[in-house]
Amino acid sequence: MTQPASIFDFVDEDAKRRAIEEARASVARGNVVDHDVVVEWLEQLLAGKKVHPPAAPGQT
């Protein structure tokens with residue numbers, strides 16, 4: 001018996017392409033968070049602290 005098609009089986013290639021372009025442009029503008037900052041944030045979460053995720057420079 002064949003499974004019915006799922007709405008998750010459809011990939012909108014145009015939307016995917018736009019999302020990738022937007023992400024690359026965001027990184028090119030410097031909207032990134034330093035690796036060490038992310039590690040520190042994750043360690044705080046693992047310790048049970050309720051902390052907000054770090055923001056990229058200029059993103060508060």
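Summary of values
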| read-out | value |
| --- | --- |
| Selection of chymotrypsin sites (Phe, Trp or Tyr not before Pro), the chain, meeting DSSP coil and at most 11 other Cβ within 10 Å | Phe10 |
| Distance between modelled label sites at Glu43 and Glu13, nm, 7 Å Cα→Cβ extension | 4.6 |
| Lys/Arg +1, Asp/Glu -1 at C-beta; the chain dipole; positive extreme among His35, Phe10, Ile20 | His35 |
| Of (1) 36, 22, 20; (2) 49, 32, 17; (3) 41, 17, 17, the label for Cα extents along the principal axes in Å derived from the coordinates | (2) |
| Tilt relative to the chain, helix 35-46 - C-alpha long axis, 0 to 90 degrees, to 10 | 90 |
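Every number in this text was worked out from the coordinates using simple rules, so none of it is lab data. Worth saying up front: this structure is predicted, and the values here are computed from it rather than measured. Virtual Cβ from ideal backbone geometry, glycine too; neighbours counted across all protein chains shown.
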